[in-house]
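The structure appears right after this line, and notes come after that.
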Amino acid sequence: MSKDFSLKKFKIDQLRLNASKADLIEVGKKQAKEIPVDQLGIYKPVDRDVVQMIKTQEDTMIPELLPLRHKRMMENAFSFLRGTAGVMEYDLLNGIQSKIMVMICGDAHLNNFGFFASPERQLLFGLNDFDETKVDNWESDLKRLLVSAKLIGEINGYKADHLRDILKKAADSYASGIKDAENLKLLDRFYESYDINNFFDFAREDKQMIKILKKIAEKAPQNNSDKVVKKFTVSKDDQLIFKENPPRARRISEQTYQELTNAIVEYKQKLTLEMQLLLSNFRMTDIIRYSVGVGSFGTRCYLVLLTGKDNSHLVLQVKEAMPSKYDLNTLSVAQAKLQGYEEGQRVIAGQRILQTFYDPFLGYTEACGRSYYVRQFRDMKDSIDTAKLDEESFTAYTTLCAFILARAHYQSPTAPIIYGYLEESKKFSKYMADWAIEYSKQVHQDYDDFQKYLGGE
């Protein structure tokens, strides 16, 4: 381990600026002159080895799962984008940046938006993946969103000129979201959420979207622990246990089981008192390793079965909180593990800031020398399959996601700087679309290079 290693702490201090809103807006206007939007729209390829970058990031993952991870990544160029957040982050950080910092998602592609339950059991819509969250340049999220739209649109067979229009509309929608948020009072902005009824209103003229939303409204409330238990467990010795389905679902060693048991105890102690009291009614009855996603497939992820005194069940997901994919390029495996609680705290802090209304079971812990965050598994979660949308619905969905992204960014006190920047930025949507189109070519090149590597070339 290098002697110069130092713990990379998650900090939000740079979001706390001692300046008025008017002053922050002026800062943004000045920044638009220092780093004009046309410069943000220029993509220049970065000298790097994409194969080596991916291999470095996978050094911390479970070797058994890598073949399946690669299979998922190589389904198409968009799947590859999902599995290589660190590569794109590297390119962004080595390119031209606005230097305007907010709390970002870090992986704001279209499939990382979806439906989830509020504590009041309302079906909300917004960002739903925060593994890469951090304080960073606002445009990084928007660019990743637009690139994902470009790649999905290609897969869906939309014409190139139509796709460019979709990207421009999405960028315009982001700018509208920033302007709209700026006109809200602080508390109104903080408490605002976007639920499925808002979605119905938004899509009232879109027959395909209305059909999809009706199905989600009916199905999502059934995505709960009871459904998970029915699908994922079997009875053994008068007790429910998780089914094994290697390599995705696999039993764990006694040592790992005990360390995770201790981690759950610690997790409970960090929750609010009312949640501690609620969980005191449950006992832990089983744990299994269960891998999910594309980008995070291969990291350590577990399902924990809790059984209540009334014989009801709660299923928690304990998911490894790795350093950001970008940081994994510079950290050894041992150094990544030393990050400890920092990464779990980073993930849940980002979720709480960007989502506003979040899972009351959200928390963090540490086990086996690794950081984890904890949440309910599949609690009313659902999503829209963007690959099945016609062009009209896809356009509407993409613009909505861009709008909601802007609203999430505006939870950061520094967001008025974005407003000032956009006020002085002409042809903003054109330059953002230009960048996304050019970077999509880079994704295709990287996809081809990694495919050749996997094929032994």
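Taken together, the residues in segment 202-244 that are farther than 30 Å from LEU400 by Cβ, part of a helix (DSSP H, G or I) and aliphatic (A, V, I, L, M) amount to 1. Among the residues of segment 18-44, those identified as outside any helix (DSSP H, G or I) and exposed (fewer than 14 other Cβ atoms within 10 Å of the Cβ) are ASN18, SER20, ILE42, LYS44.
Of all residues in segment 245-267, those satisfying the criterion of being touching a residue at least 12 places away in the same chain (Cβ under 8 Å) and in a helix (DSSP H, G or I) are THR256, TYR257, GLU259, LEU260, THR261, ASN262, ALA263, ILE264, GLU266, TYR267. For segment 135-156, does any single residue satisfy the condition of being within 13 Å of the chain's Cα centre (by Cα) and within 24 Å of GLN317 (Cα to Cα)? Looking through segment 135-156, none of the residues is within 13 Å of the chain's Cα centre (by Cα) and within 24 Å of GLN317 (Cα to Cα).
Residues of segment 194-229 that are touching a residue at least 24 places away in the same chain (Cβ under 8 Å) and of a type in the set (Phe, Trp, Tyr): TYR194, PHE199, PHE202.
What number of residues within segment 384-415 satisfy the criterion of being part of a helix (DSSP H, G or I), touching a strand residue (DSSP E or B) at 6+ places or on another chain (Cβ under 9 Å) and farther than 13 Å from GLY177 by Cβ?
Residues in segment 384-415 being part of a helix (DSSP H, G or I), touching a strand residue (DSSP E or B) at 6+ places or on another chain (Cβ under 9 Å) and farther than 13 Å from GLY177 by Cβ: 1 in total.
Taking first residues from segment 45-73 that are surrounded by fewer than 18 Cβ atoms within 10 Å (Cβ to Cβ) and partners that are among the polar types (S, T, N, Q) and at pLDDT 90 or above, the Cβ contacts under 6 Å between residues at least 6 apart in sequence or on separate chains come to VAL46/ASN94.
Scanning segment 258-292 for residues that are among the aromatic types (Phe, Trp, Tyr) and at pLDDT 95 or above yields TYR267, PHE282.
Of the set (1) in a helix (DSSP H, G or I); (2) touching a residue at least 40 places away in the same chain (Cβ under 8 Å); (3) not basic (Lys, Arg), all apply to ASP107 but (1). Among the residues of segment 76-123 satisfying the criterion of being closer than 22 Å to ILE212 by Cβ and over 17 Å from the mean Cα position of the chain (by Cα), which is surrounded by the fewest Cβ atoms within 10 Å (Cβ to Cβ)? The selected residue is ARG121. Is it the case that segment 314-324 has a residue that's within 30 Å of ASN281 (Cβ to Cβ), surrounded by fewer than 22 Cβ atoms within 10 Å (Cβ to Cβ), touching a strand residue (DSSP E or B) at 6+ places or on another chain (Cβ under 9 Å) and at pLDDT 95 or above? Among the residues of segment 314-324, at least one is within 30 Å of ASN281 (Cβ to Cβ), surrounded by fewer than 22 Cβ atoms within 10 Å (Cβ to Cβ), touching a strand residue (DSSP E or B) at 6+ places or on another chain (Cβ under 9 Å) and at pLDDT 95 or above, which makes the answer yes.
The values are calculated or read from the model by the stated rules, or taken from the named source; none is laboratory data. On a predicted model such as this, the values are computed, not experimentally measured, just so you know. Here Cβ is always computed from backbone atoms with ideal geometry, including for glycine, and neighbour counts include all displayed protein chains.
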